[in-house]
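The values are calculated or read from the model by the stated rules, or taken from the named source; none is laboratory data. Remember, predicted model here, so these are calculated numbers, not experimental data. No Cβ is skipped: glycine too gets one built from the backbone with ideal geometry, and neighbour counts run over all protein chains shown.
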Amino acid sequence: MTDKKPLTIVLCAPRGFCAGVVRAIEVVERAIERFGAPVYVRHEIVHNRYVVETLKAKGAVFVEELDEIPETRAPVVFSAHGVPRSVPQAAAERGLFAIDATCPLVTKVHREAEIHHKRGRLVLLIGHAGHPEVVGTMGQLPQGAVVLVQSVEEARAVEPPNAQALAFVTQTTLSLDDTADIVAALRERFPDIIGPHRQDICYATTNRQEAVKAVSPMVDAVVVVGSTNSSNSQRLREVAERAGCVARLVDGARDLDWEIFRNARAIAITAGASAPEVLVNEVIDAFGERFDITIETVSNGLENVFFPLPRELRDTADAPAQSA
């Protein structure tokens, strides 16, 4: 017999790490194992405080710019968000041993932008100013070749020099609904605008948002595990709020405001693509200490995407040639 109030916890699936995040973290860990500490990482490898602190403890040194790195033969890893072209160029000029952990889905957007530019099109980038992924994508092309569009209002105001030579790409971690509205506004004004063959918003962002949409009508509140500087985590919170649900973004159990859940009968828990499952489990345990919990899972499909490591870290990279 327990005097705890009953609470149903609905776990969203998929949640947490995506293939690009798994790859990026493994890049840093494998580099430390293979080359020893320190391994320098330009910008947070992924936007999660727990992940960053864990990698620091293993020997990673995080910097914002290359000029913070001393002359060294240690590896320098570029984060999963991607970097402007000027960064690998500067690393090469200094003779730094650079390893690129950019998510392949971000690299796909870079290549799309390059192709549009080569074909004479102005590229409109749908995204958030200042986000590292946006900075990296805009930095693939000469200044002025990419114009950032952050809202429907900006889509209605942008004035390209040639409406018949126009294309758009998007940041990979945006809200599906917001992006659809912006794209619709652009297509209404510029019927000839060229878009991606497949949407740029990544599969993991899509799946996690759809799972939150599915569970929000079933619960009193949604807890999103993720850091505040994580774009995809913030979008999960917004998706839940847009569905009319109370939603909170927390780095971990210590950030929970228990007053919000005092009268809740059911809550949902999800996690951004850069948030590890250990933090989800901590949140579940924290609820278990205060409520008589029942756990259910609502699945929005399975994920089996895998991205290979950069060639510098593959097991065959340093293997001696086999004699016949």
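Would you be able to say whether some residue in the stretch 230-238 is assigned by TED's automatic domain parsing to the domain that holds Val10 and surrounded by fewer than 22 Cβ atoms within 10 Å (Cβ to Cβ)? Write out each step before concluding.
Of all residues in the stretch 230-238, those assigned by TED's automatic domain parsing to the domain that holds Val10 come to 230-238.
Add one more test, that the residue is surrounded by fewer than 22 Cβ atoms within 10 Å (Cβ to Cβ), and what stays is 234, 238.
Looking for residues that are assigned by TED's automatic domain parsing to the domain that holds Val10 and surrounded by fewer than 22 Cβ atoms within 10 Å (Cβ to Cβ), one finds at least one in the stretch 230-238, hence yes.
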### Query
Mind checking which residues of the stretch 287-317 are more than 26 Å from the chain's Cα centre (by Cα) and surrounded by 16 or more Cβ atoms within 10 Å (Cβ to Cβ)?
Phe287, Phe291, Ile293
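In the stretch 120-139, how many residues are under 19 Å from the mean Cα position of the chain (by Cα), in contact (Cβ under 8 Å) with a residue 12 or more places away in the chain, part of a loop (DSSP other than H, G, I, E, B) and more than 21 Å from Asp181 (Cα to Cα)? Steps first, answer last, please.
To start, the set of residues in the stretch 120-139 that are under 19 Å from the mean Cα position of the chain (by Cα) comprises 125-139.
Imposing the further condition that a residue be in contact (Cβ under 8 Å) with a residue 12 or more places away in the chain reduces the set to 125-129, 131-139.
Among the residues that remain, those that are also part of a loop (DSSP other than H, G, I, E, B) are: 127-129, 131, 139.
Still in the list and also more than 21 Å from Asp181 (Cα to Cα): 139.
Looking only at that region, the number is 1.
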### Message
Restricting to the stretch 240-272, and then to whatever is of a type in the set (Gly, Ala, Ser) and assigned to a strand (DSSP E or B), can you tell me which residue is surrounded by the fewest Cβ atoms within 10 Å (Cβ to Cβ)?
### Response
Ala266
### Query
Do you know which residues across the stretch 200-215 are of a type in the set (A, V, I, L, M, F, W, C) and in contact (Cβ under 8 Å) with a residue 60 or more places away in the chain?
Cys202, Ala204, Ala211, Val212, Ala214, Val215
### Query
Looking at this structure, is Asn263 polar (S, T, N, Q) and under 27 Å from the mean Cα position of the chain (by Cα)?
no
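Regarding Val146, is this residue surrounded by 17 or more Cβ atoms within 10 Å (Cβ to Cβ), more than 19 Å from Arg235 (Cβ to Cβ) and touching a helix residue (DSSP H, G or I) at 6+ places or on another chain (Cβ under 8 Å)? Give the derivation first.
Values: surrounded by 17 or more Cβ atoms within 10 Å (Cβ to Cβ): yes; more than 19 Å from Arg235 (Cβ to Cβ): yes; touching a helix residue (DSSP H, G or I) at 6+ places or on another chain (Cβ under 8 Å): yes.
Considered against the rule, which asks whether it is surrounded by 17 or more Cβ atoms within 10 Å (Cβ to Cβ), more than 19 Å from Arg235 (Cβ to Cβ) and touching a helix residue (DSSP H, G or I) at 6+ places or on another chain (Cβ under 8 Å), Val146 comes out as yes.
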### Task
Give the residues of the stretch 170-194 that are buried (at least 16 other Cβ atoms within 10 Å of the Cβ), closer than 26 Å to Val46 by Cα and out of contact with any Lys or Arg (no Cβ under 9 Å at 6 or more places or on another chain), sorted by residue number.
Thr170, Gln171, Thr179
### Message
Tell me yes or no: at least one residue of the stretch 11-23 is of a type in the set (Gly, Ala, Ser) and within 30 Å of Arg265 (Cβ to Cβ).
### Response
yes
### Query
For the stretch 175-191, which residues satisfy the criterion of being in contact with a strand residue (DSSP E or B) (Cβ under 7 Å, 6 or more places away or on another chain) and assigned to a loop (DSSP other than H, G, I, E, B)?
Phe190
